[in-house]
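One structure below.
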Amino acid sequence: MDLKDLTKEQKQALLMELEAERKADEARIAAERETYKSLVDTTVKEQVKKLQNVSSIMLNTKNGVFGAFETVIDMKSELYGIRDSQQSHTFTSDDGQISITIGHRVNEGWDNTVNAGIAKIKTFLQTLAKDDNSAALVETVMRLLSKDRKGNLKASKVLELDKLGAKMGDAEFLDGIRIIKDAYRPSPTCKFIDVSIKNEHGVWQSLPLSMSAIELNGLKDLKDL
């Protein structure tokens with residue numbers, strides 16, 4: 001169709017038809033977008049309610065597991081002299097096929113006096129003779145004093161440093177270690193449960209639980225959804 005062959009009235013009618021088609025398309029797109037938003041709203045609410053139920057079941061199960069092991073842990077502490085400060089406990093079935101570990105995750109923290117202890121140890125290191133043995137000692141100590149990405153010492157490294165200090169017997173070095181140990185401020189975070197089961201090939205496989213994030217204060221009431 002050549003627009004040049006159309007009369008003014010035909011062109012006007014064509015324009016009106018195109019405009020009506022454009023508006024119809026806009027209305028259709030707007031309606032589809034509203035349908036999409038409604039679908040998102042419904043799906044989110046329905047699925048979150050399901051996940052809330054799962055979270056509640058996991059929380060109740062988790063609390064039940066810890067409750068079931070309370071007597072076991074108390075007896076273990078009494079019979080084997082386990083300290084109350086122990087952060088985790090591992091139990092294994094008689095046939096050795098199932099193992100469960102329960103406990104608390106711990107964030108290692110230190111107060112600001114830890115830097116005084118580190119400085120004292122580094123000052124002591126500067127007094128050492130510059131031979132191969134002292135160089136190796138300095139390297140070992142500096143490795144044990146290295147901090148993680150969060151700027152914290154590792155408690156396990158401080159224990160190694162403590163053993164090293166006991167062998168050396170230097171009063172300044174030992175005092176630096178004592179300051180560091182006194183600055184330790186661990187903070188327990190979530191409770192965790194790890195379960196491992198041996199498969200038919202005798203290989204340990206972890207049971208996927210992801211229960212560490214399930215805490216009582218982490219549940220949100222979604223009744224108004």
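Under a straight-distance cross-link criterion of Cα-Cα below 16 Å, which aspartates and glutamates are reachable from Lys130, leaving out those fewer than 8 residues away in the same chain?
Here the aspartates and glutamates satisfying the reach criterion relative to Lys130 are Glu139.
Enumerate the whole-percent occupancy of each 5 Å bin, from 0 to the last occupied one, for all C-alpha pair distances of region 1-83.
3, 11, 8, 8, 7, 6, 7, 5, 6, 5, 5, 5, 4, 4, 3, 3, 3, 2, 2, 2, 1, 0
Please work out how much length the chain gains when fully extended from Lys4 to Leu51, using 0.36 nm per residue of separation minus the C-alpha to C-alpha distance, in nm with one decimal.
The Lys4-Leu51 span can extend by a further 10.5 nm.
Run through all the Cα pairs of the chain and give the fraction in each 5 Å bin from 0, expressed as whole percent.
Calculated over all Cα pairs of the chain, the distribution is 1, 5, 8, 9, 8, 8, 8, 8, 8, 6, 5, 4, 3, 3, 3, 3, 3, 2, 2, 1, 1, 0 percent.
Count the net charge of all other residues whose Cβ sits under 11 Å from the Cβ of Thr113, scoring Lys and Arg as +1 and Asp and Glu as -1.
So the environment of Thr113 carries a net charge of +2.
Most exposed first by the Cβ proxy, i.e. fewest other Cβ within 10 Å, how do Lys191, Lys76 rank?
Least to most surrounded, the residues fall as Lys76, Lys191.
Taking only DSSP H segments of four or more residues, each worth -39500 (n - 2.57), what value at 222 nm results for the chain once the sum is divided by all its residues, to the nearest 500 deg cm²/dmol?
Theoretical 222 nm ellipticity from helices: -19500 deg cm²/dmol.
Could you tally the net charge around Ala20, taking each other residue with its Cβ under 13 Å from the Cβ of Ala20, Lys/Arg +1 and Asp/Glu -1?
Net of charged neighbours comes to -2.
What percentages, rounded to whole numbers, describe P(r) for region 36-119 computed over all alpha carbon pairs with 5 Å bin width beginning at zero?
Here the calculated profile for region 36-119 is 3, 9, 12, 13, 12, 10, 9, 10, 9, 7, 4, 2, 1.
Compute, for the chain, the length of the dipole vector about the Cα centre, with Cβ point charges of +1 (Lys, Arg) and -1 (Asp, Glu) only. Units Debye, rounded to 20.
Dipole magnitude for the chain comes out near 520 debye.
Just the Cα atoms of region 114-182: what Rg and Dmax do they give in Å?
11.3, 34
Please compare each pair in Lys147/Lys181; Lys122/Lys181; Lys62/Lys154; Lys122/Lys147; Lys45/Lys191; Lys154/Lys181 to a cut-off of 22 Å on the Cα-Cα distance and tell me which ones are over it.
Listed pairs above 22 Å: Lys62/Lys154; Lys45/Lys191.
Rounded to whole Å, give me the distance from the Cα center of region 13-31 to that of region 94-139.
So the two Cα centres are separated by 73 Å.
Mind checking which of Leu59, Leu51, Leu79 has the largest fluctuation in a GNM of the chain, springs on alpha carbons under 10 Å?
Leu79
Angle between the Cα long axis of helix 114-125 and the longest principal axis of the chain, 0 to 90 degrees, nearest 10?
50 degrees
If you put +1 on each Lys and Arg Cβ and -1 on each Asp and Glu Cβ, how big is the dipole of region 102-219 around its Cα centre, in Debye rounded to 20?
180 debye
Under the 0.36 nm per residue contour assumption, what length would be gained going from the current alpha-carbon distance of Asp194 and Ile98 to full extension?
33.5 nm
Computed from the coordinates by the stated procedures, all read-outs in this text should not be read as laboratory data. Everything numeric here is computed off the predicted structure, so don't read it as measured data. No Cβ is skipped: glycine too gets one built from the backbone with ideal geometry, and neighbour counts run over all protein chains shown.
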